[in-house]
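Visitor: My questions all concern the structure below.
The numbers here are math on the coordinates, done by the rules we state, and not lab data. These numbers come from a predicted model, not from an experiment. A quick note on method: Cβ atoms are made from the backbone with ideal geometry, for glycine too, and the neighbour counts reach across all protein chains shown.
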Amino acid sequence: MTIIGTNPAPSPAPAATRPFRWFPVRSLGPQQRARILVHLLGLGPDDRHLRFGYPASDAHIGRYVEQLDFERDELFGVFNRRLELVALAHLAFLGRDGERPTAAEFGVSVLPHGRGRGIGSRLFERAGLHARNRGVDTLIVHALSENLPMLKIVRQAGAQVGREGPDATAILQLPPEDLGSHWSQVLAQHAGEVDFGLKLQALHLDRLMRSVRDFLPCSPRDSGS
């Protein structure tokens, strides 16, 4: 495998020119399996090829979702205000050293209307934080060499990227866990839960208001009288 290089994290842009972008990330459990399936089925043929490394059919995606192990691995998502799963990350833990995994593999997909906003980078950051706090020191990303957005994310994080034919492998060495990393994960988890709860309440309220409007008779002005 030919090593492309290790790119240091880029210097941050000046505060006056760098837009503030923050996306609450929520951990996903088995109760979100249906939303995960809808998200992945919403990917077009090219996106499925980039995400899975082959042109996954609906049947392949269905089996993948059915086999997700939420106790072993960790899945994260970013929801919009309609509770559509705009982005999905899968952190699969590999190997074992006693009770702890030794490495983790990261995969991500973002729907077309959610791209170009830094959501993939945010999910990669959250996955790395979670892996650190599980005692993992190596984060791995397998991607096609043509998957330029993914390769850009890992290079910006300082990963070592190698190529072998059409495939690329990125390896990022993670710092050890500490008190700060655990607090960051607690806060991120809490923010994701609060965000999801508020969006769920807003969605219920919107549906209630629509039902009330549909039930009430039209006023003379509404009816054109």
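Visitor: How far, in nm, would the chain grow between Phe70 and Gln173 when pulled straight, counting 0.36 nm per residue and subtracting the alpha carbon separation?
Guide: Working: separation 103, 0.36 × 103 = 37.08 nm, distance 2.42 nm.
Value of the extension gain: 34.7 nm.
Visitor: Continuing with this model, one more query. Using modelled backbone amide H atoms (1.01 Å from N, in-plane), which distant-in-sequence or interchain residues come within less than 5 Å of Leu28's amide H?
Guide: Leu75, Phe76, Gly77
Visitor: Another question, if that's okay. With both bridge residues required to lie in the chain, what share of the DSSP beta bridges run antiparallel, to the nearest 5%? Write out the running numbers ahead of the final one.
Guide: Details: 34 of 36 bridges.
Roughly 95 percent of the DSSP beta bridges within the chain come out antiparallel.
Visitor: May I ask for the net charge around Ala131, where only other residues with Cβ less than 12 Å from the Cβ of Ala131 are counted and Lys, Arg are +1 while Asp, Glu are -1? It would help to have the intermediate numbers written out before the result.
Guide: On the way: positive: Arg100, Arg126, Arg132, Arg134; negative: Asp73, Glu74, Glu105, Glu125, Asp137, Glu177.
Every neighbour counted, the sum reads -2.
Visitor: Something else: So what is the calculated 222 nm ellipticity per residue for the chain, using -39500 (n - 2.57) for each DSSP H run with n of 4 or more, over all residues, to the nearest 500 deg cm²/dmol? If you can, show how the numbers build up before the last one.
Guide: Working: 7 runs with 91 residues, N = 225.
Roughly -13000 deg cm²/dmol at 222 nm, from the helical runs in the chain.
Visitor: Return the label of the correct value of Rg and Dmax of the Cα atoms in Å, as calculated from the structure shown, out of (i) 16.2, 45; (ii) 20.4, 64; (iii) 20.5, 77.
Guide: (iii)
Visitor: Which value, in debye to the nearest 20, describes the size of the charge dipole of the chain about its Cα centre when Lys and Arg Cβ atoms bear +1, Asp and Glu Cβ atoms bear -1, and nothing else is charged?
Guide: On the way: 27 positive and 24 negative charges, 167 e Å.
That gives a dipole near 800 debye.
Visitor: Going by how many other beta carbons lie within 10 Å of each one, how would you line up Lys199, Lys152, fewest first? Walk me through the numbers on the way to the answer.
Guide: Numbers: Lys199 17, Lys152 13.
Listing Lys199, Lys152 from fewest to most nearby Cβ atoms yields Lys152, Lys199.
Visitor: At 0.36 nm per residue, minus the direct Cα-Cα distance, what do Asp214 and Ala202 gain on full extension? Give it in nm, one decimal, please. Write down the numbers at each step before the final one.
Guide: Working: separation 12, 0.36 × 12 = 4.32 nm, distance 1.83 nm.
Once the chain is fully extended between Asp214 and Ala202, it gains 2.5 nm.
Visitor: Another question, then. Give me the number: length gained by fully extending His190 to Arg163, i.e. 0.36 nm times residue separation minus the C-alpha to C-alpha distance, one decimal in nm. Could you put the intermediate results ahead of the total?
Guide: On the way: separation 27, 0.36 × 27 = 9.72 nm, distance 3.81 nm.
Full-extension gain reported as 5.9 nm.
Visitor: Now for a separate question. If we count GluC sites (Glu not before Pro) as exposed when they sit in a DSSP loop and have at most 10 other beta carbons within 10 Å, what is the longest stretch of the chain that avoids them all?
Guide: Values: sites that count: Glu71, Glu99.
With a cap of 10 other Cβ atoms within 10 Å, the longest stretch comes to 100-225.
Visitor: Name the long-range amide H neighbours of Asp167: under 5 Å, sequence gap of 5 or more, or other chain; modelled H, no Pro or chain starts.
Guide: Those qualifying (amide H under 5 Å, at least 5 residues apart or on another chain) are Ser145.
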